[in-house]
Amino acid sequence: MEPEIRIPEEVELCMNLLSKAGFESFIVGGAVRDALLHKFVHDYDLTTDALPEQMHAVFSSLPVIDTGIAHGTVTVVVNGMPIEITTYRTDTGYSDHRHPDAVVFTPNLREDCARRDLTINALAYHPGLGIRDFFNGREDLQQGIIRTVGSPERRFTEDALRILRAVRFMAQLDFTMDPDTHKAILKHKDELAYISQERITAELLRILTSPGCSEAFRTYRPLFEVFIPELKEIPDDAWAHVLAGLKICVPAAAARFAVILAAVPVLPENFFSRLKMSNTMRHDTKACLAAASLPCSDRISLRRIIRILDIPFETWLSFRRALEPELDTESVRKLYRQILEDGDCCKVSDLALSGKDLQAAGLHGSEIGEALNTLLDAVIEERCVNNRDALLAYISKNSTGDKK
Ligand code: ATP
Ligand code: MG
């Protein structure tokens, strides 16, 4: 008996409309994979033998967006739910190691599945017809194996992004790599040079938040070194510490990345911009690194740490314990709770005055920001109480920028 996959009515409506017009359609890719794994399905992709212009006719009563007309993809919006529907196609060429030179539509579902990257991503499902599994994807799913559809060497040479996708799915699902796929990953790793940094970083971030993150870095260090050559500078004993730390640290990208980077002797100035990381990721990773070895066993020290953090305190604590497994996290946590309960001032926004008050007191431009930081230092270090008059008196006594 075919396993039951529950389908939202919006998706079923699309499939019914296609079917009434004489076309085939299947749910394909991630939705089938995740449904069979009893995981949350975040979006549904359909594949069909209808051509894009035929889809426009079939869905004439619904909003249809030409998402990628050259690739045969349209997005149909049903009750506000976007559903991507792509014409069965085969991809050929790949002279840039990333994109097919030509996309050829085909009436054959098997050919459409054959162009997909991994066996577990090449499953198709139709509620009336059941699962179509041309490449043993279901067995790989059951056994927890990541394997390319067809020769891994050929598939990675066609599109090098698949190398990172294979490692990402291994980490996300905590699967093991098929031996031939594994060998091809290491052999073709340098072809990542053909892939845009944005794509690489997007996969890296997903690996960092995955359950199998530590295992991915353990097995594929040389692959990560292709785009983070700084990892080569990490000595073996420190690397073992990193891998153990990645298992301890909560799955937050910045905290886990900081666990790795804390072992790099020197990070170049342009490190984060080279990786094209978001400002938030940059900021949070740098904040973790800045607070990696600051003392945290007394209230003043902990306030200084809270001051620079924008990530949840528990995330930082988990990062810190990953670096220092012997850390007494319970007593740090207790101290943190006291700080919260007493409403200690730890951020500029907690100060009992604002930039406007300082402006009214005669400060201008950058002096204002500097004064706020000076005041925050003073309050955190208990040299001034956090009340408006005391703060104004403090700033008039101490020239801006002079922290002592
Ligand atoms: P998720 O969205 O959870 O990351 P997904 O499997 O839906 O997983 P997508 O990137 O949304 O991944 O791609 C949808 C499907 O398209 C995949 O399941 C796979 O069949 C196919 N696919 C995506 N990228 C590639 C690629 N680079 N090479 C071959 N097939 C791909
Ligand atoms: Mg998807």
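Please list, by residue number, every one of the trypsin sites (Lys or Arg not before Pro) in the stretch 1-96 that is coil in DSSP and has at most 12 other beta-carbon atoms within 10 Å. Display every interim value, and only then the final one.
Numbers: sites: 6, 20, 33, 39, 89; in loops: 6, 39.
Those that pass, being in a loop and sparsely packed, are 6, 39.
Only sites in a loop by DSSP and with at most 13 other Cβ atoms within 10 Å count here; which trypsin sites (Lys or Arg not before Pro) in the stretch 330-365 make the cut?
Details: sites: 333, 334, 337, 347, 356; in loops: 347.
Within the stretch 330-365, no trypsin sites (Lys or Arg not before Pro) qualify (loop, at most 13 other Cβ atoms within 10 Å).
With every protein chain in place, what's the accessible area of residue 145 (1.4 Å probe, Å², nearest 10)?
30 Å²
Assuming 1.567 mPa s and 4 °C, estimate D for the stretch 144-227 with Stokes-Einstein, Rh taken as the Kirkwood radius over Cα pairs, in µm²/s. Don't jump to the answer; show the numbers that get you there.
Values: Rh = 12.4 Å.
The estimated diffusion coefficient comes to 105 µm²/s.
Please compare each pair in 187/286; 187/232; 286/397 to a cut-off of 26 Å on the Cα-Cα distance and tell me which ones are over it. All intermediate terms of the calculation are to be shown ahead of the outcome.
Working: 187/286 33 Å; 187/232 18 Å; 286/397 33 Å.
Pairs exceeding the cut-off: 187/286; 286/397.
How big is the accessible area of residue 104 in square angstrom, nearest 10, if you roll a 1.4 angstrom probe over the protein chains?
70 Å²
In the chain, if the dipole is taken from +1 on Lys/Arg beta carbons and -1 on Asp/Glu beta carbons about the Cα centre, which of 281, 188, 129 is farthest to the positive end?
Ranked along the dipole, the leading option is 281.
Counting just the Cα atoms, what span does the stretch 1-136 cover along each of its three principal axes? Round to the nearest Å and put the largest first.
Answer, in whole Å and largest first: 40, 36, 25 Å.
Relative contact order for the stretch 1-136: what is it in percent, counting Cα pairs under 8 Å that are at least 6 residues apart? Could you put the intermediate results ahead of the total?
Numbers: 235 pairs, mean separation 31.0, N = 136.
Reported relative contact order: 23 percent.
Spelling out what I want: for every residue of the stretch 352-364, take phi, set θ = phi - 60°, compute 6.51 cos²θ - 1.76 cosθ + 1.60 (Karplus), and round to whole Hz; glycine and proline get x.
Taking θ as phi minus 60°, the curve returns 7, 9, 10, x, 4, 4, 6, 5, 4, 7, x, 8, 10 Hz for the stretch 352-364.
Which whole-number percent is the relative contact order of the chain (Cα, under 8 Å, 6+ apart)?
Numbers: 597 pairs, mean separation 34.1, N = 404.
Result for the chain is 8 percent.
Share of antiparallel DSSP beta bridges in the chain, in percent to the nearest 5? Write down the numbers at each step before the final one.
Numbers: 23 of 29 bridges.
Counting DSSP beta bridges with both partners in the chain, the antiparallel share is about 80 percent.
How tilted is helix 236-248 with respect to the longest principal axis of the chain? Cα atoms for both, answer in degrees (0 to 90, nearest 10).
Around 80 degrees separate the two axes.
Quick one: grab the alpha carbon gyration tensor of the stretch 50-125, order the square roots of its eigenvalues as a ≥ b ≥ c, and give me rounded if a/c is under 1.5, else prolate or oblate depending on whether a/b is larger than b/c. If you can, show how the numbers build up before the last one.
Numbers: a/c = 1.99, a/b = 1.65, b/c = 1.20.
Prolate shape, in that a/c is at least 1.5 and a/b is the bigger ratio.
Taking the 0 to 90 degree range and rounding to the nearest ten, how far is the long axis of helix 161-173 tilted relative to the main principal axis of the chain, both from C-alpha atoms?
70 degrees
Rounded to whole Hz and in sequence order, give me ³J(HN,Hα) for the stretch 177-190 from the Karplus expression 6.51 cos²θ - 1.76 cosθ + 1.60, θ = phi - 60°, writing x for Gly and Pro.
Working through the residues one at a time gives 8, 4, x, 5, 5, 4, 4, 5, 4, 5, 5, 9, 4, 5 Hz.
Using alpha carbons only, how many degrees (0 to 90, rounded to 10) separate the axis of helix 329-341 from the longest principal axis of the chain?
Around 70 degrees separate the two axes.
Give the Rg/Rh ratio for the stretch 249-381, taking Rg as the radius of gyration of the Cα atoms and Rh as the Kirkwood radius, to two decimals. Mind showing how you got there, number by number?
Details: Rg = 16.6 Å, Rh = 16.3 Å.
Radius of gyration over Kirkwood radius for the stretch 249-381 works out to 1.02.
Could you work out the Rg to Rh ratio of the stretch 345-404, with Rh taken as the Kirkwood radius (inverse of the mean 1/r over all Cα pairs)?
On the way: Rg = 9.9 Å, Rh = 11.0 Å.
Radius of gyration relative to Kirkwood radius: 0.90.
Can you give the convex hull volume per residue for the Cα atoms of the chain, as a whole number of Å³? List each step's numbers first, then the result.
On the way: hull volume 79.3 nm³, N = 404.
It comes to 196 Å³ per residue, whole-number rounded.
Let me spell out the model: positive unit charges on the Cβ of Lys and Arg, negative unit charges on the Cβ of Asp and Glu, origin at the Cα centre of the stretch 144-227. What dipole size does that give, in debye rounded to 20? Let's see the in-between values first.
Details: 13 positive and 12 negative charges, 16 e Å.
With only Lys, Arg, Asp and Glu charged at Cβ, the dipole is about 80 debye.
Would you mind finding the longest exposed-site-free stretch of the chain, with exposed GluC sites (Glu not before Pro) meaning DSSP loop and at most 10 other Cβ atoms within 10 Å? Don't jump to the answer; show the numbers that get you there.
Working: sites that count: 4, 269, 326.
Longest gap between qualifying sites, sites excluded: 5-268.
When the dipole is taken about the Cα centre of the stretch 345-404, and only Lys, Arg (+1) and Asp, Glu (-1) are charged at their Cβ, what size is it in debye, to the nearest 20? List each step's numbers first, then the result.
Working: 7 positive and 9 negative charges, 9 e Å.
So the dipole magnitude of the stretch 345-404 works out to roughly 40 debye.
About its Cα centre, how strong a charge dipole does the chain have in debye, to the nearest 20, once Lys and Arg get +1 and Asp and Glu get -1 at the Cβ? Kindly include the intermediate steps, with their values, before the conclusion.
Working: 47 positive and 59 negative charges, 155 e Å.
The calculation lands at about 740 debye.
The values are calculated or read from the model by the stated rules, or taken from the named source; none is laboratory data. Since the model is a prediction, treat every value here as computed from it, not as a measurement. Every residue, glycine among them, receives a Cβ derived from its backbone with ideal geometry; neighbour counts consider all protein chains shown. What goes into the accessible areas is simple: the full protein's heavy atoms, side chains included, and nothing from ligands, DNA or RNA. Shrake-Rupley method; radii C 1.70, N 1.55, O 1.52, S 1.80 Å.
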